[in-house]
Amino acid sequence: MFLSAWLIGWSAFVLPLSIASLRGWAPRRVRSRTTPWGIRVRGVALLVMWVGGLVVPLGRWGGLVGRDAMFLLPVVEAGLLLFAAGLIAGSQLGDRFRRSTVRPPVGGQGIGDRS
């Protein structure tokens, strides 16, 4: 009962968010601070989290591995979740470095303006 509820709930929560991020949709405040590339990377990270959240329940429910190898499923899940966290952290660092190098012109003049 719990495994089927987890599969349905986790998929209903994470899968629409990841598909929306892959298509480039994000709230306005996120779009103003993040590049479209960063939003899509976060969508990929959400898909990796979705797969990571399904590894253990599907492995136990489907009997994919024997009892001797059951300890490997949480290790795989943790590895996938850490990979997703690394993708999110990398996109945030990329956005932060982009914001620190691209500064608005002072006084309203651009580099090529000679007025």
Quick check on packing: order 67-79, 17-29 by the mean number of other C-beta atoms within 10 Å, highest mean leading.
17-29, 67-79
Percent of accessible area on the chain owned by carbon and sulfur, 1.4 Å probe?
68
(i) 2, 9, 13, 12, 9, 9, 8, 7, 7, 5, 5, 4, 3, 3, 2, 1, 1, 0, 0; (ii) 2, 11, 21, 26, 21, 13, 5, 1, 0; (iii) 2, 11, 15, 16, 14, 11, 9, 7, 5, 3, 2, 2, 2, 1, 0, 0, with the label sought being that of the calculated P(r) over Cα pairs in 5 Å bins from 0, in percent
(iii)
Tilt of helix 2-22 relative to the longest C-alpha principal axis of the chain, in degrees (0 to 90, nearest 10)?
20
The answer for the range 41-103, accessible area per residue at 1.4 Å probe in Å², is 64
Spelling out what I want: for every residue of the range 35-49, take phi, set θ = phi - 60°, compute 6.51 cos²θ - 1.76 cosθ + 1.60 (Karplus), and round to whole Hz; glycine and proline get x.
6, x, 4, x, 5, 5, 5, 5, x, 5, 4, 5, 5, 5, 5
If the label point is 7 Å along Cα→Cβ of residue 3, which residues in the range 54-88 have backbone nitrogen under 15 Å from it?
54-74
Residue-averaged 222 nm ellipticity for the chain, from DSSP H runs of 4+ at -39500 (n - 2.57), nearest 500:
-25500 deg cm²/dmol
Go through 34-40, 92-98 and give me the packing order, highest mean Cβ count within 10 Å leading.
34-40, 92-98
Suppose each label sits 7 Å from its Cα in the direction of the beta carbon; what would the residue 78-residue 35 distance come out to in nanometres?
3.3
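The values are calculated or read from the model by the stated rules, or taken from the named source; none is laboratory data. Predicted model, so just to flag it, every value in this text is computed and none were measured. Cβ sites come from the backbone with ideal geometry, for glycine too, and all protein chains shown count toward neighbours. Accessible surface areas use protein heavy atoms only, side chains included; no ligands, DNA or RNA. Shrake-Rupley method; radii C 1.70, N 1.55, O 1.52, S 1.80 Å.
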